[in-house]
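Novice: Please find one structure pasted underneath; my questions will follow.
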Amino acid sequence: MKKMHIILLGAVAVVIAGLLTMMKDLSTYDTIASARKKDGRYVHLIARLDKSEPVVYDPLKDPNYLSFTALDSLGGRTRVVYLNAKPTDFEMSERIVMKGRMKGEVFECREIVLKCPSKYKDDPGQQMKQFEAKPAGAASGPVSSLK
């Protein structure tokens with residue numbers, strides 16, 4: 001074999017090894033019921049905060065302990081323990097993506113991603129105010145004068 005073939009085979013082997021290593025982190029979103037069946041396995045859950053249950057977080061006592069109840073779209077509920085600081089705007093998020101493992105009846109969360117689509121939606125009332133505030137003949141972009 002030529003040196004180039006050996007180098008290409010080595011590169012292909014490294015790429016395959018890299019993909020196999022990354023595949024352990026690939027997973028689909030689970031419901032709370034399916035996560036319970038996968039006890040101890042790493043899963044992703046999409047849920048929302050159950051506002052009828054208390055959120056336990058005392059930054060003076062333990063800033064790296066957050067506990068709350070999560071509800072999924074099928075009505076499943078579980079207690080979640082997150083050993084890190086409470087994310088900003090946690091109570092205002094519409095959905096919570098949690099990555100971690102189910103241990104019995106408690107989900108041990110390693111990472112939380114908050115989904116707040118309302119932050120990215122335009123406020124029609126604000127758009128109308130901006131439109132009305134603009135003078136009738138004003139240009140919408142920079143104006144250059146050519147003389």
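Novice: Within segment 22-44, identify whether any single residue is at pLDDT below 80 and touching a strand residue (DSSP E or B) at 6+ places or on another chain (Cβ under 6 Å), and answer yes or no.
Specialist: Looking through segment 22-44, at least one residue is at pLDDT below 80 and touching a strand residue (DSSP E or B) at 6+ places or on another chain (Cβ under 6 Å).
Novice: Testing Leu9 on (1) surrounded by fewer than 13 Cβ atoms within 10 Å (Cβ to Cβ); (2) touching a residue at least 24 places away in the same chain (Cβ under 8 Å), one condition comes back false. Which one is that?
Specialist: Failed condition: (2).
Novice: Report whether or not Phe90 is surrounded by 15 or more Cβ atoms within 10 Å (Cβ to Cβ), at negative phi and modelled with pLDDT under 90.
Specialist: Working: surrounded by 15 or more Cβ atoms within 10 Å (Cβ to Cβ): yes; at negative phi: yes; modelled with pLDDT under 90: yes.
For Phe90, the condition - surrounded by 15 or more Cβ atoms within 10 Å (Cβ to Cβ), at negative phi and modelled with pLDDT under 90 - is met.
Novice: For segment 35-52, state whether one or more residues are without any contact (Cβ under 8 Å) to a residue 40 or more places away in the chain and in contact with a His (Cβ under 9 Å, 6 or more places away or on another chain).
Specialist: Checked segment 35-52: no residue is without any contact (Cβ under 8 Å) to a residue 40 or more places away in the chain and in contact with a His (Cβ under 9 Å, 6 or more places away or on another chain).
Novice: So which of Ser73, Ser67 ends up being among the polar types (S, T, N, Q) and within 17 Å of Val113 (Cβ to Cβ)?
Specialist: Criteria check complete, one pass: Ser73.
Novice: Collect the residues in segment 67-80 that are among the hydrophobic types (A, V, I, L, M, F, W, C) and under 16 Å from the mean Cα position of the chain (by Cα), keeping them in residue-number order. Give the derivation first.
Specialist: Here is the first cut: in segment 67-80, the ones among the hydrophobic types (A, V, I, L, M, F, W, C) are 68, 70-71, 74, 80.
Passing the criteria: Ala70, Leu71, Val80.
Novice: Could you tell me whether segment 4-20 includes any residue that is at pLDDT below 90 and part of a loop (DSSP other than H, G, I, E, B)?
Specialist: No, segment 4-20 has no match at all.
Novice: While we're looking at this one, here's another question. Just one of (1) without any contact (Cβ under 8 Å) to a residue 40 or more places away in the chain; (2) of a type outside the set (Val, Ile, Thr); (3) surrounded by 11 or more Cβ atoms within 10 Å (Cβ to Cβ) trips up Lys61, so point out which.
Specialist: Looking at each condition in turn, Lys61 falls short on (3).
Novice: Something else: So which residues in segment 89-101 are closer than 17 Å to Tyr65 by Cα and more than 11 Å from the chain's Cα centre (by Cα), if there are any at all?
Specialist: Within segment 89-101, Asp89, Phe90, Glu91, Gly100, Arg101 qualify.
Novice: If you scan segment 66-93, which residues turn out to be in a loop (DSSP other than H, G, I, E, B) and either of a type in the set (A, V, I, L, M, F, W, C) or free of Cβ contacts under 8 Å to residues at least 12 places away in the same chain (or both)?
Specialist: Looking only at segment 66-93, we keep the residues that are in a loop (DSSP other than H, G, I, E, B), and these are 72-76, 83-89, 93.
Within segment 66-93, Leu74, Gly75, Leu83, Ala85, Thr88 meet the criteria.
The values are calculated or read from the model by the stated rules, or taken from the named source; none is laboratory data. This structure is a prediction, so every number in the text was calculated from the model and none was measured. Glycine gets a Cβ as well: all are built from the backbone with ideal geometry, and neighbour counts include every protein chain shown.
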